[in-house]
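Derivation of every value follows stated rules applied to the coordinates shown; laboratory data play no part. Fair warning: this is a prediction, and the values are worked out from it, not measured in the lab. FYI the Cβ positions are ideal-geometry reconstructions off the backbone, even for glycines, and counts take in every protein chain you see.
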Amino acid sequence: MDSIKLSNLTKQYGDFTAVNDLNLRVKKGEVYGFIGKNGAGKTTTIHMLLSLIHKSSGTIEVNEQLVDFKDVSYKRAIGFVPDVPVFPSYMNAMEYLRYVADIFAIKREDLQEHLRSLLEFVELEDNQKKISQYSRGMKQRLAIAQALVHDPDILVMDEPTSALDPIGRKSVMNVILQLKGKKTIFYSTHILEDVERVCDRIGLLDHGNLLLEGSINEIQDMYYKDKYVLITKENREDLHKQLQTGFPKIDAKLEGFGVEFKLDDNLNANDVLEYVMKEGLTIEQFMPVKTSLEDVFVEVTNENTN
Amino acid sequence: MKTLIKYDLFYLKRTAKFIIFPALAFILAVISPLTAKYMNQILEFALGSEDLPLSFPEPTVMDSYTQYLGNLYEMFILVVIFVSVGIFVRDKTKVLIPLILTKPISRMKYLLSKYITFNLLLFVSLIVGYLVFSYYTFVLFGEVDMVGMFYGTLLYMLYVLFITSIALFASAVFDTYILAMFFTFGGYIVVNIFNIFKATLFQYFPGRIINAITEILVGTIETSDIIFYILVPTIFIAGFLVTGIKLFLSYDFKA
């Protein structure tokens, strides 16, 4: 079952297209990392999903129900955590959670206990302080707590760690890790380290276009499978020339002290190594390219820009 | 809606507005009859001589009414303008709205709740003012038209509803407090300028409500006039509210 389904979703501001024909599915129970540079269209997409802004075209489905801008009932299934949450300064944390509980008309006998446990979960036991006195990290954790008050199926998080210091970020990440597997999480960020830690699948958005989508392993394989680095005693320019002569179709480029190349179906690593040795070159190192999501991110967004 | 009103009241309580308006109405209600009663002495004292060749008429209860209404029309309404714009536009300018509207809250109810709650507070404040004013006027002048003043207070409330509907509309149109405030204040000025024109077209404009109140207190108002004095401002209020809400419904909160 799809918790979120966006079909041909587009948002235009005059001539500027913020989100372009976006198709995306978030399966129930998964953590979906929605990544992209600042200004890629992530927040615009989320704001359309939450009916904070109107879409230009396309459809949005939440729990397989078509979303209508005026119909607010679908929001019962969603908890939202913004990037920089702003709360009424005159309230304390418990008062704010009670306010949210009232909005959702939650009628449970153990409401007070439920709210207290939420505050404990996000490590905000001292809830008598006014929210205006909270640090950014505390506000972010309160934002998570308020998003969980009504026990939603889906948690939409818009760059929840981007404005935090390392300690605040770690603390928020721990909370997210604890929620993994219990909720469907749509997690927007440009911090790829966080994505690698928590996400099951990712979608990469750039200039409003979804450039790629898949699990982290799939994406790494897609971009870096069969990529190797070869270093010889001889200088790397010679090696590069030799490889291009021996294998005209090889995608080889100078990288570090050696040459990076990609194998294909007609070429395996042994063929390359045998050829290099036959040509009298002395191999010093031969290894697969280790890649991070960041490498993929840079490569894909660069390709899109070029 | 009940929940929203409850929390809008909570906001008013926590931010001292809950006290400011009843206190202001109370102060005006006390000062106005006192000023009317002792205006001659105040003038004599201010002019510094008891030998001026001017003679002031003896103050009457009508002076007390006029003084109170004048204060409500100037001081009270100015505070209403400044505060109401702040209330309607604050969630927008302080970026509080996105977190609230991601919950199952209708935008219309959200805005109406603020309008209703604030006007409820103003109504209670005006009732406080009415009671205190009536008491002080009776003590100082030995008479007071409580029924007339009550109707007058209700009509003045209609004027307040009109001004706050402009504030709501302005807050839906503009993104900053200053712009919304200027627009509302401009509306207030324009409405008062229309008082100058004697044409029938403007006879029942909201700014003329003060005339209606005076006519009630003097006892010269016709029933048909009362209907129009209520109907015309109500149409304006409905117009501002409907347009303001429509604008708010179609508003895109910036990403």
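Going through the cross-link list A:Lys42/A:Lys139; A:Lys5/A:Lys182; A:Lys107/B:Lys246, which pairs have a Cα-Cα distance over 30 Å in this structure?
Checking Cα-Cα distances, A:Lys107/B:Lys246 exceed 30 Å.
Within region B:81-221, what is the number of lysine pairs with alpha carbons under 22 Å apart, leaving out pairs fewer than eight places apart on the same chain? Intermediate values should be presented prior to the final figure.
On the way: B:Lys92/B:Lys103; B:Lys92/B:Lys109; B:Lys92/B:Lys114; B:Lys94/B:Lys103; B:Lys94/B:Lys109; B:Lys94/B:Lys114; B:Lys103/B:Lys114.
Count of close lysine pairs: 7.
Which of A:Asn38, A:Leu142, A:Ile106 sits farthest toward the positive end of the charge dipole of region A:6-156, with +1 on the Cβ of Lys and Arg and -1 on the Cβ of Asp and Glu?
Farthest along the dipole direction, towards plus: A:Asn38.
In peptide A:47-53, how many Cβ atoms from other protein chains are near each Cβ within 10 Å, on average?
Working: counts 6, 2, 1, 5, 4, 10, 6.
Averaged over the peptide's residues, the number is 5.
Could you grab the relative contact order for region A:109-262? Cα pairs under 8 Å, six or more apart, rounded to a whole percent. Show your work: numbers first, answer last.
Values: 154 pairs, mean separation 21.1, N = 154.
The value is 14 percent.
Measure nothing fancy, just the Cα-based angle from helix A:166-179's long axis to the longest principal axis of chain A, in degrees from 0 to 90, nearest 10.
80 degrees
Excluding residues fewer than 8 places away in the same chain, name every one of the lysines whose C-alpha is closer than 16 Å to that of A:Lys241.
In chain and number order, the partners are A:Lys233, A:Lys249, A:Lys253, A:Lys262, A:Lys278.
Return the aspartates and glutamates within reach of A:Lys183: Cα separation strictly under 14 angstrom, same-chain partners fewer than 8 residues apart disregarded; answer none if there are no such residues.
Reachable aspartates and glutamates: A:Asp2, A:Glu30, A:Asp151, A:Asp153, A:Asp200.
About its Cα centre, what dipole magnitude does the protein assembly as shown give when the only charges are +1 on Lys and Arg Cβ and -1 on Asp and Glu Cβ, stated in debye to the nearest 20? Numbers along the way, then the final one.
Working: 54 positive and 63 negative charges, 216 e Å.
Dipole magnitude for the protein assembly as shown comes out near 1040 debye.
By how many degrees, 0 to 90 and rounded to 10, does the Cα axis of helix A:93-103 deviate from the longest principal axis of chain A?
Approximately 80 degrees, to the nearest 10.
Rounded to the nearest 0.05, what FRET efficiency do A:Met222 and B:Leu231 have when you use their Cβ-Cβ distance and R0 = 60 Å? It would help to have the intermediate numbers written out before the result.
Values: r = 70 Å, r/R0 = 1.17.
Efficiency computed from Cβ-Cβ geometry: 0.30.
How much mean residue ellipticity at 222 nm does chain A get from its helices, if each DSSP H run of length 4 or more adds -39500 (n - 2.57) and you divide by all residues, to the nearest 500 deg cm²/dmol?
On the way: 10 runs with 107 residues, N = 306.
Helix-only estimate at 222 nm: -10500 deg cm²/dmol.
In what sequence do A:His240, A:His190 fall when counting other Cβ within 10 Å, fewest first?
The most exposed by this proxy come first: A:His190, A:His240.
Based on DSSP loop calls and a cut-off of at most 15 other Cβ atoms within 10 Å, the longest stretch of chain B free of exposed GluC sites (Glu not before Pro) is what? The partial results should precede the final answer.
Values: sites that count: B:Glu50, B:Glu143, B:Glu222.
Counting at most 15 other Cβ atoms within 10 Å as exposed, the longest clean stretch of chain B is B:51-142.
Aspartates and glutamates within cross-link reach of B:Lys13: Cα-Cα under 19 Å, excluding same-chain residues under 8 positions apart?
Of all the aspartates and glutamates, those that pass the test against B:Lys13 - Cα under 19 Å, at least 8 places apart if same chain - are A:Glu95, A:Asp102, B:Asp91.
Taking +1 at the Cβ of each Lys and Arg and -1 at the Cβ of each Asp and Glu, which of A:Val198, A:Val296, A:Gln128 sits farthest along the dipole of chain A towards its positive end, judged by Cα position relative to the Cα centre?
A:Gln128
Per residue of A:81-93, what is the mean number of Cβ atoms on other protein chains within 10 angstrom of that residue's Cβ? Write out the running numbers ahead of the final one.
Working: counts 2, 4, 0, 1, 4, 8, 4, 11, 4, 6, 4, 0, 0.
Partner Cβ neighbours, averaged per residue: 4.
Name the most mobile residue of A:Ser73, A:Ser171, A:Ser292, meaning the one with the largest mean-square fluctuation, in a Gaussian network model of chain A with Cα contacts below 10 Å.
Top of the fluctuation ranking is A:Ser73.
With point charges of +1 on the Cβ of Lys and Arg and -1 on the Cβ of Asp and Glu, referenced to the Cα centre of the protein assembly as shown, which listed residue (A:Leu177, B:Ile178, B:Gly239) lies farthest in the positive direction of the dipole?
B:Gly239
For chain A, give the magnitude of the charge dipole about the Cα centre (Cβ charges: +1 Lys/Arg, -1 Asp/Glu; no others), in debye to the nearest 20. Could the numbers behind the result be given before it?
Values: 37 positive and 48 negative charges, 214 e Å.
It comes to approximately 1020 debye.
Report the relative contact order of region A:1-109, percent, no decimals, based on alpha-carbon pairs under 8 angstrom and at least 6 residues apart.
On the way: 120 pairs, mean separation 29.2, N = 109.
Relative contact order, region A:1-109: 27 percent.
Which angle between 0 and 90 degrees, to the nearest 10, do you get for helix A:269-278 versus the longest principal axis of chain A when only C-alpha atoms count?
Taking the Cα atoms of chain A, the angle to A:269-278 is about 30 degrees.
For region B:89-210, what is the relative contact order in percent, using Cα pairs closer than 8 Å and at least 6 residues apart in sequence?
Numbers: 71 pairs, mean separation 31.7, N = 122.
In percent, rounded to a whole number, it is 26.
Hand me the chymotrypsin sites (Phe, Trp or Tyr not before Pro) from region B:119-201 located in a DSSP loop with no more than 13 other Cβ atoms within 10 Å, in residue order please.
Working: sites: B:Phe123, B:Tyr130, B:Phe133, B:Tyr135, B:Tyr136, B:Phe138, B:Phe141, B:Phe150, B:Tyr151, B:Tyr156, B:Tyr159, B:Phe162, B:Phe169, B:Phe174, B:Tyr177, B:Phe182, B:Phe183, B:Phe185, B:Tyr188, B:Phe194, B:Phe197; in loops: B:Phe174, B:Phe197.
Here the chymotrypsin sites (Phe, Trp or Tyr not before Pro) that fit, given the DSSP loop and packing criteria, are B:Phe197.
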